[in-house]
Amino acid sequence: MKKLTEYTSYADALQYFSSEKLWELFDGDRERINIAHECVDRYANSDETALIVVRIDGPEEIISYKELSEKSSQVAHYLQERQIKPGDRVAVMLEPSFAFYACLYGIMKMGAIAVPLFTLFGPDGLQLRIRDCSPALLLTNNEKIDIVDAETLKRTQRVDEQFLPMLSQFPTTFTCSSRADDFAIFQYTSGTTRELPEAVKHKHRSIVTLMVAALYGTGLRPGDRFMCPSSPAWGHGLWHGTLAPMALGLTVGAFAGKFNAERLLKSLQDHRFNNISAAATHYRMMKNAGVAERFSYDLKKMSFTGEPIDSATEEFIDQTFGIRVCSMYGTTEIGVILVSYPGATDFAVKHGSLGKAIPGAQVQVQDATGQPCPPGITGELKVWRKGQWIPTKDLGRTDDEGYFFHGGRADDVIISAGWTMSAVEIEDAILKHPDVSEAAAIGVPDALRGQSVKAFVVTKRTGDAAFIDEIQHLVRSRLSQHEYPRQIAFVTELPKTPAGKVHRKKLREQEQQLNQV
């Protein structure tokens, strides 16, 4: 009987998928399973490289499965010596590196709960999460130690150049004993310091359900060489970019430090990565870098997530790499629910589409009364889980062929003079102007219309009246006569969430403050 990894077509996904067949991909069972064993230890004798860490400001790190298995086992023994107990939280605030991955997997091996933290957090962002998860230990480096408060410092381990050599005193094997329902990872989404979303708590069994997104969202299959430049502090970089491919024993590329598009493009060439999953922002930065034609590529599958990708960037991908980029849509809380099946030759990828539901899932666009919307009508995206429709808090629509399209966050809708407009669609139209690098649109108070559209544009060109007219005419011609930004502000950069998404909420807050002055 074939495993799910042996099927590649969309038709086969619909015919052969089952939750039982997902479990066939793992050593563990419904009673006992450990993420670190599944992602690292069972491949310790393979010849595959586990990780290639690409840096903008230093040499690459190439880490084998054997090295990672041994060092993460030593971390597990070290934690036990520190009196860390199963179920304790251990926070890790490190850039992708041998030390980061050894700590991440070592924590889970010994039954503690790993809490990855973004390295660009300031003291407020860090302290908010420390207070929330109350870690028994924080692992971080000398660069971040100054932002750790005095109380947390008492239970902080500096991960410096002596840390990994120090671990050599411990055994290089460790027997995992976690149960499937034991917690493995607490994951924070990219909230603000004033509004911290509750940590999403993942159990060890989550590695099994994750494989639905791996197989059909990023199209992972044995033999892939997979790159994901997203930070493993966030859901995409950790689950889809690290745990999923390593659970299949693949070679995984990661990016450490400030993102640089040219460095990423060079790594795609040098390491012959044939599958990449990245944020829409990463692809946009590849386009804006203007150097993609300098390199050669072996890419066969490309996917993105986090926010919609604009059509100009989609066209750049088509022309540069010769393949369609596939959307993978979901949230940290509900997981991936809409995909475009990368690698499935019988699935037509539509520009601008979120794709179709993952095998076995029910997804609908519903109106305010909970009724399904007909094709072309915008409503809220919902997924059927445990006997009820769960809202995603995102808007969307379907077409006559059952493809889903994103309509923005529910709070990103702009209603002007009775017209309902999508910030995402307006931004996409603005980005078609050749002189626009980035754009964001929000609704601002308007005495006549209730709201009007204000756009924030990043460009190297002087933002004069002629440029404003060009942008407004472009949007009118592509959308409709009423659907255009009546105000345009030229800015040097857009506020972003730590995960790299445009932070429209922060723009709305800034506008509100200006109007109160």
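The simple Förster model, with R0 at 45 Å and r as the Cβ-Cβ distance, assigns Gln269 and Gln157 a FRET efficiency of 0.75. Here's the picture: charge each Lys and Arg Cβ at +1 and each Asp and Glu Cβ at -1 in the chain, and of Leu264, Thr462, Pro123 the one pushed furthest to the positive end of that dipole is Pro123.
The charge dipole of region 143-254, taken about its Cα centre with unit charges on the Cβ atoms of Lys, Arg (+1), Asp and Glu (-1) only, comes to about 380 debye.
If R0 is taken as 30 Å, the Cβ-Cβ distance between Lys506 and Arg30 corresponds to a FRET efficiency of 0.10.
Solvent-accessible area of His37, all protein chains in place: 60 Å² (probe radius 1.4 Å, heavy atoms, ligands and nucleic acids excluded). Mean residue ellipticity, 222 nm, helices only, the chain: the sum of -39500 (n - 2.57) across DSSP H runs of n ≥ 4, divided by residue count and rounded to 500, is -8000 deg cm²/dmol.
Once the Cα atoms are used to define both axes, helix 123-133 deviates from the longest principal axis of the chain by about 60 degrees.
Under 5 Å from the amide H of Asp446 lie the amide H atoms of Gln451, Ser452, each residue being 5 or more positions distant or on a separate chain, with H modelled from the backbone and absent for Pro and chain starts.
A Förster radius of 30 Å, combined with the Cβ-Cβ distance separating Trp389 from Asp181, puts the computed FRET efficiency at roughly 0.70.
Spacing of the modelled spin labels on Gln83 and Glu293, each 7 Å from Cα toward Cβ, amounts to 6.5 nm. Measuring how big region 329-415 is from its alpha-carbon positions, Rg and Dmax come out at 12.6, 40 Å. Computed over the alpha-carbon atoms, the chain gives an Rg to Rh ratio of 0.97, Rh here being the Kirkwood radius from the mean inverse distance. Toward the positive end of the charge dipole of region 318-417, with +1 on the Cβ of Lys and Arg and -1 on the Cβ of Asp and Glu, the farthest Cα among Ser416, Ile377, Val339 is that of Val339. Charge tally for Arg55 (other residues, Cβ to Cβ under 15 Å; Lys, Arg +1; Asp, Glu -1): -4. Relative to the dominant Cα principal axis of the chain, helix 311-321 is inclined by about 50°. If you take the alpha carbon radius of gyration of region 98-140 and divide it by 2.2 N^0.38 Å, what ratio comes out, to two decimals? Taking the Cα Rg and dividing by 2.2 N^0.38 Å, one obtains 1.19. Translational diffusion coefficient of region 1-114 (Stokes-Einstein, Kirkwood radius from Cα pairs, 4 °C, 1.567 mPa s): 80 µm²/s. Near the amide H of Leu94, within less than 5 Å, lie the amide hydrogens of Leu117, all on another chain or at least 5 residues away, with H placed in the peptide plane. Accessible surface of Glu198, taken over heavy atoms with a 1.4 Å probe and every protein chain present, rounds to 140 Å².
The trypsin sites (Lys or Arg not before Pro) of region 419-517 meeting both criteria, a DSSP state outside H, G, I, E and B (loop) and at most 10 other C-beta atoms within 10 angstrom of the site's C-beta, are Lys460. Once you've got the Cα coordinates, tell me which of Lys144/Lys505; Lys2/Lys300; Lys109/Lys393; Lys201/Lys386 are over 26 Å apart. In this structure, Lys144/Lys505; Lys109/Lys393 lie more than 26 Å apart at Cα.
In sequence order, region 277-284 has phi-based couplings of 10, 8, 6, 4, 4, 4, 5, 5 Hz under the Karplus curve 6.51 cos²θ - 1.76 cosθ + 1.60, θ = phi - 60°, and Gly or Pro positions carry x. Measuring only protein heavy atoms, the 1.4 Å probe finds Thr172 accessible over about 60 Å². Once the chain from Glu48 to Arg478 is taken as fully extended at 0.36 nm per residue, the excess over their C-alpha distance is 149.9 nm. 3J(HN,Hα) couplings calculated from phi for region 141-155 with the Karplus curve 6.51 cos²θ - 1.76 cosθ + 1.60 (θ = phi - 60°) are, in sequence order, 10, 5, 5, 9, 5, 5, 8, 7, 5, 4, 5, 5, 4, 5, 10 Hz; Gly and Pro show x.
Distant-in-sequence amide contacts of Cys326, defined by a placed amide H-H separation under 5 Å and a gap of 5 or more residues or a different chain, comprise Met302, Ser303, Phe304. In this simple spin-label approximation, Ser168 and Ile62 carry label points 7 Å from Cα along the Cα→Cβ vector, and these lie 2.2 nm apart.
Across region 235-249, computed HN-Hα scalar couplings (Karplus, 6.51 cos²θ - 1.76 cosθ + 1.60, θ = phi - 60°) run x, 5, x, 7, 6, 7, x, 10, 5, 4, x, 6, 5, 9, x Hz from first to last residue, x flagging Gly and Pro. Mind running the shape call on region 297-336? Use the C-alpha gyration tensor, a ≥ b ≥ c as the square roots of the eigenvalues: rounded below 1.5 for a/c, prolate if a/b tops b/c, oblate otherwise. Taking the square roots of the gyration eigenvalues as a ≥ b ≥ c, region 297-336 is oblate. Helix 465-478 and the long axis of the chain differ in direction by around 80°, with both axes built from C-alpha atoms.
Annotation note: GluC sites (Glu not before Pro) in region 289-358 located in DSSP loop regions with a Cβ neighbour count of at most 16 within 10 Å are Glu333. Specify whether the C-alpha gyration tensor of region 91-181 places it in the rounded, prolate or oblate class, a ≥ b ≥ c being the square roots of the eigenvalues: rounded for a/c under 1.5, otherwise prolate if a/b is larger than b/c and oblate if not. Oblate, since a/c reaches 1.5 and b/c is not below a/b.
The values are calculated or read from the model by the stated rules, or taken from the named source; none is laboratory data. This is a predicted model, so every value here is computed, not measured. Using ideal geometry, Cβ is built from the backbone for each residue, glycine included, and neighbour counts are taken over all protein chains shown. Note: areas computed on protein heavy atoms with side chains; ligands, DNA, RNA excluded. Shrake-Rupley method; radii C 1.70, N 1.55, O 1.52, S 1.80 Å.
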